[in-house]
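Enquirer: Please see the structure below; I have some questions.
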Amino acid sequence: MAGVTGIGGFFFRANDIEALKAWHVTHLGVSFEPGGWSQAAGPTQMAAFAFDDAYFPEDRKWMINFRVDDLGALKAQLEAADIMVETKKDWDGVIGRFARIHDPEGNPIELWEPSQMVRDHYGL
């Protein structure tokens, strides 16, 4: 059976496209150059949530989750840039550690540092 081999793009609307792109490049290292951004190999979770699920704001229809290599260092870097980083102990578990930030337009961005078990399983 033919099927999907990976995410080819993530598309969204923005009120200030250039400012939002610059924020992502500066704080997360995500490139918006033609030809895209090559991500490291590893798992990508796709999940649907009910509109009333409290996992992320009800007024948002999407949340992207970025896999990160060192959540503690990235958290310090973001906080040094006056970006609020939310963490909750109950988010962390067998699959890794999580944090949440919001871009300048209020879109939620989840940061995930895979656990050693996940890294070993996927060869990360």
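Enquirer: List the pairs whose first member sits in the stretch 52-72 and is over 14 Å from Phe98 (Cβ atoms), whose second member is polar (S, T, N, Q) and surrounded by 10 or more Cβ atoms within 10 Å (Cβ to Cβ), and whose Cβ atoms are under 7 Å apart, counting only residues at least 6 apart or on separate chains?
Expert: Arg60/Asn107
Enquirer: Conditions first: (1) part of a helix (DSSP H, G or I); (2) open to solvent by less than 40 Å² (accessible area, probe 1.4 Å). Val30 passes all but one, so which condition is the exception?
Expert: Going through the list (1) part of a helix (DSSP H, G or I); (2) open to solvent by less than 40 Å² (accessible area, probe 1.4 Å), Val30 breaks only (1).
Enquirer: Could you please tell me which pairs satisfy a Cβ distance under 6 Å, a separation of 6+ or placement on different chains, a first residue in the stretch 83-98 that is of a type in the set (Val, Ile, Thr), and a second residue that is part of a loop (DSSP other than H, G, I, E, B)?
Expert: From the stretch 83-98, the pairs are Ile95/Ser115.
Enquirer: If I filter the stretch 28-44 for residues that are under 12 Å from the mean Cα position of the chain (by Cα) and free of Cβ contacts under 8 Å to residues at least 24 places away in the same chain, do I get at least one hit?
Expert: Checked against the condition, which is being under 12 Å from the mean Cα position of the chain (by Cα) and free of Cβ contacts under 8 Å to residues at least 24 places away in the same chain, the stretch 28-44 yields at least one hit.
The values are calculated or read from the model by the stated rules, or taken from the named source; none is laboratory data. Predicted, not measured: the structure shown is a model, and the values here were computed from it. A quick note on method: Cβ atoms are made from the backbone with ideal geometry, for glycine too, and the neighbour counts reach across all protein chains shown. With ligands, DNA and RNA removed, areas are computed over all heavy atoms of the protein, side chains included. Shrake-Rupley method; radii C 1.70, N 1.55, O 1.52, S 1.80 Å.
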